[in-house]
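Below is one structure; the comments refer to it alone.
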Amino acid sequence: MAVTRTFSIIKPDATRRNLTGKVTAMLEEAGLRVVASRRIRMTKEQAEGFYAVHKERPFFNDLVAFMTSGPVVVQVLEGEDAVALNRRVMGATNPENAEPGTIRRELAESIEANSVHGSDSAENAAIEIAFFFKPEDIVG
Ligand code: ATP
Ligand code: MG
């Protein structure tokens, strides 16, 4: 497997509980490297654009409200098969279904306030990285 990149967000429930370092340590311990990182407050327009694939879902408005409710940390992660590796360390969307030791099982509050986002494919990783980062802001 080649070294590839994925996109991660440390969500508002985690920044609120001062877990930025803890989440990042779990990513690093899993073998991922943070090659870009920025703490931002997402605008409503950014959150709606980022989650546009979910616009017809019943939880869309709540999700946008949650993602804009506090600071988030957007990150580019690099590692062997980074998309799959990050999804493994994140755990299932619903923390009740996530494996012990995963970020969501250990840290998440609920299916919505689930502490982290991770891209679900290489194609989406490239789109999501470009949504928040210029190429020169990523230093591998
Ligand atoms: P993410 O895209 O954030 O990495 P995911 O790919 O595991 O998570 P998606 O199905 O893409 O999950 O859902 C995006 C986000 O929407 C979830 O992470 C969660 O915050 C929220 N969400 C998903 N399903 C629900 C639900 N049934 N109720 C409330 N919020 C939900
Ligand atoms: Mg998703």
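(1) surrounded by fewer than 14 Cβ atoms within 10 Å (Cβ to Cβ); (2) within 12 Å of ligand 1 (Cβ to nearest atom): which one isn't true of Lys134, the others all being true? Single failed check for Lys134: (2).
The residues of the range 1-13 that are away from ligand 2 (no atom under 16 Å from the Cβ), touching a strand residue (DSSP E or B) at 6+ places or on another chain (Cβ under 7 Å) and at pLDDT 95 or above, listed by number, are Val3, Arg5, Pro12.
Consider the range 95-124 and keep the residues that are more than 11 Å from ligand 1 (Cβ to nearest atom) and either among the small types (Gly, Ala, Ser) or touching a His at 6+ places or on another chain (Cβ under 7 Å) (or both). The one that is nearest to Lys11 (Cα to Cα) is Gly101. Any residue at all in the range 45-56 that's more than 23 Å from Ala130 (Cα to Cα) and surrounded by fewer than 18 Cβ atoms within 10 Å (Cβ to Cβ)? For the range 45-56, residues more than 23 Å from Ala130 (Cα to Cα) and surrounded by fewer than 18 Cβ atoms within 10 Å (Cβ to Cβ): present.
The values are calculated or read from the model by the stated rules, or taken from the named source; none is laboratory data. Just so we're clear, the structure is a prediction, and the values are computed from it rather than from any experiment. A quick note on method: Cβ atoms are made from the backbone with ideal geometry, for glycine too, and the neighbour counts reach across all protein chains shown.
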